[in-house]
Amino acid sequence: MKTAAAADSPARGKGSGAVQQWIAGIILAVLGAAMLVPLVWMILSAFKPESEVTQIPPTLLPHQFTLGNFQNLFQNMRFGYYLRNTLIIVFFSFVGLFLNAMAGFGFAKYKFKLKDKLFYIVLATMMIPGQVTMIPIYLILNQMRLTNTMPGVVLPGLVGAFGIFLFRQFMTAIPDELLEA
């Protein structure tokens, strides 16, 4: 026999769960909006003159709208130059990622002589701290006259043992039948 409280409890459980979800959703929405305030303030401050940005108490909306900060950014601060350098480094980082993927795929799916020994050598390089290789890499780049150049920045980090290892582990999990299909 069911009592009235026992028959009534599943309905109350559903209702209280929905209320808890609504409360959690409202709290998360308020916190999310609070997290956006600094971003919105930063974007709106880009359109304010410097005197208005540093004024106490701060204002959210610009009283005097200006594009002078953007003119200063592109004319006096060489932003285009830095943006170009960033895009070049990002492009070659993508190329390095692609090379890591190809090496990982080769270690995972192809059978060739000394495959395991080569992979162990790649893994062994992960045990060497970056501080140990920093000076020899600099000396090599200096001898090749690549210091203070874009290739000197890009080449040392182009391919890494950790990336090869991660891609090999991922590719090993893909069945050969799926690749052959």
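The values are calculated or read from the model by the stated rules, or taken from the named source; none is laboratory data. This is a predicted model, so every value here is computed, not measured. Here Cβ is always computed from backbone atoms with ideal geometry, including for glycine, and neighbour counts include all displayed protein chains. Surface areas here come from the heavy atoms of the whole protein model, side chains and all, with no ligands, DNA or RNA. Shrake-Rupley method; radii C 1.70, N 1.55, O 1.52, S 1.80 Å.
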Per-residue [θ]222 nm for the chain (sum of -39500 (n - 2.57) over DSSP H runs n ≥ 4, rounded to 500):
-24000 deg cm²/dmol
As straight-line cross-link partners of Lys109, the qualifying aspartates and glutamates (C-alpha separation under 15 Å, not fewer than 8 residues apart within one chain) are Asp176, Glu177, Glu180
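For the stretch 49-153, just say rounded, prolate or oblate: build the C-alpha gyration tensor, square-root its eigenvalues into a ≥ b ≥ c, call rounded for a/c under 1.5, and beyond that prolate if a/b exceeds b/c, oblate if not.
Cα axes put the stretch 49-153 in the prolate bin.
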By its C-alpha gyration tensor, with a ≥ b ≥ c as the square roots of the eigenvalues, how is the stretch 48-104 shaped: rounded for a/c under 1.5, else prolate for a/b larger than b/c, else oblate?
prolate
Roughly how many percent of the accessible protein surface of the chain is carbon and sulfur, given a 1.4 Å probe and a whole-percent answer?
71
Could you tell me what % of all Cα pairs in the chain have separations over 28 Å?
63
With +1 on the Cβ of every Lys and Arg and -1 on the Cβ of every Asp and Glu, the dipole magnitude of the chain about its Cα centre, in debye rounded to the nearest 20, is 380
Name the residue, out of Gly17, Gly130, Gly32, whose mean-square fluctuation peaks in a Gaussian network model built on the chain with Cα pairs under 10 Å.
Gly17
What distance in nm separates the simple spin-label points at Asn72 and Ala24, each placed 7 Å from Cα in the Cβ direction?
4.6
Zone reached by a paramagnetic label modelled 7 Å from Ile135 Cα along Cα→Cβ, restricted to the stretch 144-181 with backbone N below 19 Å, covers 144, 147
For the chain, which DSSP H helices look membrane-span-like by this rule: Cα extent along the axis of 27 Å or more and mean Kyte-Doolittle of at least 0.5?
4-45, 79-109
Nearest 0.05, what FRET efficiency do Arg84 and His63 give at R0 = 30 Å with Cβ-Cβ as r?
0.30
Distance in nm between label sites at Thr149 and Met42, each 7 Å beyond Cα in the beta-carbon direction?
3.5
Using r as the Cβ-Cβ distance of Asp116 and Leu158, and R0 as 25 Å, what FRET efficiency do you calculate, to the nearest 0.05?
0.55
Return one whole number: the accessible area per residue of the chain in Å², for a 1.4 Å probe.
80
